Amino acid sequence: MDSYDSDPDSGDKCNLNGDCSPLPDKLPNDLNHTKNIDDIATPSELNFDQEFAFEDPEITEKKKEIEACLENPDVINVDQWETFAKTKAGLISDEYRRKIWPLLVGVTQDELTEPPSLDELSTHPEYNQVVLDVNRSLKRFPPGIPYEQRVALQDQLTVLILRVIIKHPHLKYYQGYHDVAITLLLVCGDRASFPLLCRLSYGPKAPLAPFMQLTMQPTQHLLNYMLPVIRRADDRLAECLDKSGVGTMFALPWYLTWFGHSLNRYSDVVRLYDYFLCAPPLFPVYVTAAIVLHRAPQVFSCDADMAMMHCLLSRLPDDLPFEDILVVAQKLYEKNDPTDLESEVAALERREEEQRKVEDERMRRRRAGRVVPSPSLPYRLARYLPAPLRRTPRRTLLALTAAILAVYVYYKPELFR
Amino acid sequence: MSTSANESVPGLKQKKVFKIIVLGDSGVGKTCLTFRFCEGQFLDKSEATIGVDFRERTIKIRNEDIKLQLWDTAGQERFRKSMVQHYYRNVHAVVIVYDITKPETFHSIASWMQEIESHGLMGAPRVLVGNKCDCGTPESRLATTYAQRLADKYGMPLFETSALLDSECDNVESIFMTLAHKLYSKQPLRVISVEGELGPRRVTLSRQKRPLRNDTCLCS
Ligand SMILES: Nc1nc2c(ncn2[C@@H]2O[C@H](COP(=O)(O)OP(=O)(O)O)[C@@H](O)[C@H]2O)c(=O)[nH]1
Ligand SMILES: [Mg+2]
């Protein structure tokens, strides 16, 4: 098969087996390159934490500080937890995460309640969809987990999701929500992950709330911030993406699941969650922009074709340097506040709307099944001329349209290919 | 969009691309079927599809290499409305999948047909696929005659198959090959976009089903 799918970077198999791309030769303590989930296969070892053969002294130091703070968490300000979560390596291990994630979003002890049983919830209208997605989430569990334990966790996952949408009935389940829920569940357990997931889903600044509306329109709008952010950092790259017509779909699962669905390495996922739990709601979109910027060379060498570009971008390589990417994303955020970008996003959406109208028109004709003889180009363009000009002699008109055409082709060459 | 067409080396033939969109309710096996066709095996750790996924495979028809692009879509309603829309553009053929053990997925076919129609794709080659024929008992499966009636009504071939069974591999193959052959035999009627400096050269055709410019991808 001589397609680019066989390229180790973009092949589907990479996502499935997770081990077809060569692992980079990196120092084991390089935090940008931690172990792949699939490499940790000891059946008894049910967590994803990796032991570093040799630990970065900076990290050893940070661990000590975190432990000191955890001795007496009540007197620690949330800013301190945020600093830990955002700086290099984040919260380092799941043992710390389990305690600190709830604190980052302000979950209190009395919110930790016993979950109801699955049977009580099975009549919910979303039950089937949730179960379907939960049953297909095998990849997200620690490798080697005993069957019974996995099934028990999957039931907890279903309960967790249904509990939230029962408590907040106007929130709609989306495919991908289960990827966020399972990350919380694996780290914090079923009691703490319920209030945690509620905080993330409900409220004016809840980061997942826009995804849970009746339609995906709000999500699409927020994803549209990606291109303007990229454009401000690298105009040529933005142009390249724009020209391919790739849109934002490739990044949709990233945003909807905070990368949980799209990354093979568990350690990368939880590291990102450390950050996202205390970042502004739109921050994951800036991380998306930073990833695309990081992959600019590949984008430039890709054909300006929607399918090729989608394929290239949607498959994330296993060796992304997330520590650097987070730093870049933070800088992008500081330099380009969402409010600054609003007009650019609005312009982009207007343009899309116009394209959609053209498309709708085309579709109507298709549906009518009519043969649409396309008028000769000068005449097509003549339609856009002001009425008085249209009555000018034919030769003048032709010359004029030719001139306009030349200018138009110059600026919009892709339309004429 | 297809810059590649303009950069093609004269004399060196560019691969034809056929774009096929795969539709159907959540969980019927769209992802597994496209995976089976493109990778030749069952995807045993299938995951929910979020938005749109993409797979492709190069096949040969009369010694010519053809690229089949399969757009695997999310089944959940909320993704359909605004997001998947974009991907109906320039699609050449449609696969609708249902699960023969779940009648409700069969009953959704009508709404999928509406969706196809609203995108002006009724003229495109379409096939109906009943998946998971390895599952359930003969009584619990949706009767073939019943499915066949609906397929006839919509004028599309019906396939019953399984993405899971290796023995069904050929059958899965024939689903997509049927479409590819249909598209292949249809395409002399289409515009061949010729790379020129002055924009597309127009060819007048008597039985053109779709507006010209958007078909260039078929032949690029
Ligand atoms: N028994 C059986 N299971 C299947 C078959 N195809 C898919 N599945 C399973 O059905 C579930 C949904 O499949 P998937 O391809 O993800 O469905 P999609 O939502 O339509 O993409 C997964 O758990 C698959 O393992 C099949 O032919 N036979
Ligand atoms: Mg799928």
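If the condition is being of a type in the set (Gly, Ala, Ser), over 15 Å from residue A:186 (Cα atoms) and away from chain B (no Cβ under 14 Å), then region A:243-279 contributes only A:279.
Only helices (runs of 4 or more DSSP H) wholly contained in region A:295-366 count here; list those with 2 or more residues that are away from every other protein chain (no Cβ under 14 Å) and among the β-branched types (Val, Ile, Thr). Show your work before the answer.
Values: elements: A:296-300, A:306-314, A:322-335.
Answer list for region A:295-366: A:322-335.
Looking across region B:35-49, the residues that are touching a Phe, Trp or Tyr at 6+ places or on another chain (Cβ under 9 Å) and within 9 Å of ligand 2 (Cβ to nearest atom) come down to B:46, B:49.
Report yes if some residue within region B:163-170 is outside any helix (DSSP H, G or I), buried (at least 20 other Cβ atoms within 10 Å of the Cβ) and at pLDDT 90 or above; otherwise report no.
Pass one, region B:163-170, residues outside any helix (DSSP H, G or I): B:163-165.
Then keep just the ones that are buried (at least 20 other Cβ atoms within 10 Å of the Cβ); that gives B:163.
Then keep just the ones that are at pLDDT 90 or above; that gives B:163.
The answer is yes; a qualifying residue exists.
Give the residue, chosen from A:148, A:126, that is under 25 Å from the mean Cα position of the chain (by Cα) and acidic (Asp, Glu). Selected residue: A:126, the only one of A:148, A:126 that is under 25 Å from the mean Cα position of the chain (by Cα) and acidic (Asp, Glu). For region B:105-126, which residues satisfy the criterion of being within 12 Å of another protein chain (Cβ to nearest Cβ) and either out of contact with any helix residue (DSSP H, G or I) (no Cβ under 9 Å at 6 or more places or on another chain) or within 16 Å of ligand 2 (Cβ to nearest atom) (or both)? Matches in region B:105-126: B:105, B:114. For region A:296-348, the tally of residues that are among the aromatic types (Phe, Trp, Tyr) and surrounded by 15 or more Cβ atoms within 10 Å (Cβ to Cβ) stands at 2.
Does residue B:132 satisfy the condition of being modelled with pLDDT under 95 and within 14 Å of another protein chain (Cβ to nearest Cβ)? In short, no. Do you know which residues across region B:55-92 are within 7 Å of chain A (Cβ to nearest Cβ), more than 12 Å from ligand 2 (Cβ to nearest atom) and within 20 Å of residue B:176 (Cβ to Cβ)? If the condition is that a residue be within 7 Å of chain A (Cβ to nearest Cβ), more than 12 Å from ligand 2 (Cβ to nearest atom) and within 20 Å of residue B:176 (Cβ to Cβ), then B:56, B:57, B:58, B:67, B:69 are the ones that fit.
The values are calculated or read from the model by the stated rules, or taken from the named source; none is laboratory data. Fair warning: this is a prediction, and the values are worked out from it, not measured in the lab. Backbone-built Cβ (ideal geometry, glycine too); neighbour counts: all protein chains shown.
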